[in-house]
Amino acid sequence: MRLQKYLARAGVASRRGSEELIARGRVRVNGEIVTKLGTTVDPNAARVEVDRRRVRLKPVLWLALNKPPGYTCTRHDPGGRPIIYDLLPADARHLPHVGRLDFMSEGLLLLSNEGDVVHRLLHPRTGIERVYHARLRGPVTAELPDRLRAGVALEDGPARARRAGWITPPHTSSPTVEIVLAEGRNREVRRMLASLGVTLRRLRRTSFGPIRLGALAAGAARELSPKERAALKRAAGPACSGTVRE
């Protein structure tokens, strides 16, 4: 097992954070400092230490969380705002989140320590679909889904929905549109709607790849089933490299 994967699985840091720890000479394997990325270790025999404290592997775990609005996807917030880890049991607070939802967005958020699968899921080449339900301040133009599919210009490049359609009619006071994206750019749905002059009232993610939010209560978390984990691995595809977007 690669050393950075071992550290991520042990809950020490994210994959990228683990690479930084290795590069800084803070990791020892069997008493020797290791700074070479890509070093492999035997997880059943190696003694791995970070800052001279031994770390051990944790079992692979995948959770689905129904994130409420008003929580940040961070481990610490300088402003003292609530964080998603406040919602998790103590034995799951080591899990990195898979991508993120912004402060006021809600819905499905995955967390896992299976770093290699997470890395592939978040890679833009994989094109994992994220489904959002956006409740708007209406009435709005009926052509909004067409405009979202056609694409809009954002400051970091064009963005377009893979699919979009009305859930509740556009002529009502609170119309809701379903938007399907295949990227995880920062605040992408919010910025797309703002660029079209639409006011967003509520944004909720209902699925991430093959995983559905379902009836999970706000603020609650559940462990993914073996079938769901297998579906995520299939969706992640083979290993790839490059920049990861959340």
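The values are calculated or read from the model by the stated rules, or taken from the named source; none is laboratory data. From a predicted model like this one, the values you see are computed outputs, not experimental measurements. Cβ placement follows ideal geometry from the backbone for every residue including glycine, while neighbour counts extend to all protein chains displayed. In case anyone asks, the SASA skips ligands and DNA or RNA and just uses the protein heavy atoms, side chains included. Shrake-Rupley method; radii C 1.70, N 1.55, O 1.52, S 1.80 Å.
Among the residues of the range 169-190, what is the count of those that are more than 22 Å from GLY99 (Cα to Cα) and crowded, with 16+ Cβ neighbours inside 10 Å?
Taking the range 169-190 first, the residues more than 22 Å from GLY99 (Cα to Cα) are 169-177.
Restricting the remaining residues to those that are crowded, with 16+ Cβ neighbours inside 10 Å gives 170, 175-177.
Number satisfying all stated conditions: 4.
What's the total number of residues in the range 103-126 that are under 19 Å from LEU224 (Cα atoms), of a type outside the set (Asp, Glu) and open to solvent by 40 Å² or more (accessible area, probe 1.4 Å)?
Residues in the range 103-126 being under 19 Å from LEU224 (Cα atoms), of a type outside the set (Asp, Glu) and open to solvent by 40 Å² or more (accessible area, probe 1.4 Å): 0 in total.
Would you point out the residue of the range 64-102, among those that are touching a Lys or Arg at 6+ places or on another chain (Cβ under 7 Å) and at pLDDT 95 or above, that is surrounded by the most Cβ atoms within 10 Å (Cβ to Cβ)? Break it down stepwise before answering.
First pass over the range 64-102, keeping only residues touching a Lys or Arg at 6+ places or on another chain (Cβ under 7 Å): 64, 72-73, 83-85, 94, 101-102.
Filter again for at pLDDT 95 or above, leaving 64, 72-73, 83-85, 101-102.
Details: ALA64: 22, THR72: 19, CYS73: 20, ILE83: 16, ILE84: 23, TYR85: 20, LEU101: 25, ASP102: 16.
This residue is LEU101.
Filter the range 47-63 for residues that are open to solvent by less than 60 Å² (accessible area, probe 1.4 Å) and without any contact (Cβ under 8 Å) to a residue 24 or more places away in the chain and give the result.
GLU49
Tell me which of these TYR132 doesn't satisfy, since it passes every other one: (1) surrounded by fewer than 20 Cβ atoms within 10 Å (Cβ to Cβ); (2) over 12 Å from the mean Cα position of the chain (by Cα); (3) closer than 27 Å to TRP166 by Cβ.
(1)
I need a count of the residues in the range 174-210 that are touching a strand residue (DSSP E or B) at 6+ places or on another chain (Cβ under 7 Å) and either assigned to a helix (DSSP H, G or I) or on the phi > 0 side of the Ramachandran plot (or both).
Of the residues in that region, 7 qualify.
For the range 1-41, which residues satisfy the criterion of being open to solvent by less than 80 Å² (accessible area, probe 1.4 Å), out of contact with any helix residue (DSSP H, G or I) (no Cβ under 9 Å at 6 or more places or on another chain) and without any contact (Cβ under 8 Å) to a residue 12 or more places away in the chain?
GLY25, the sole residue that qualifies.
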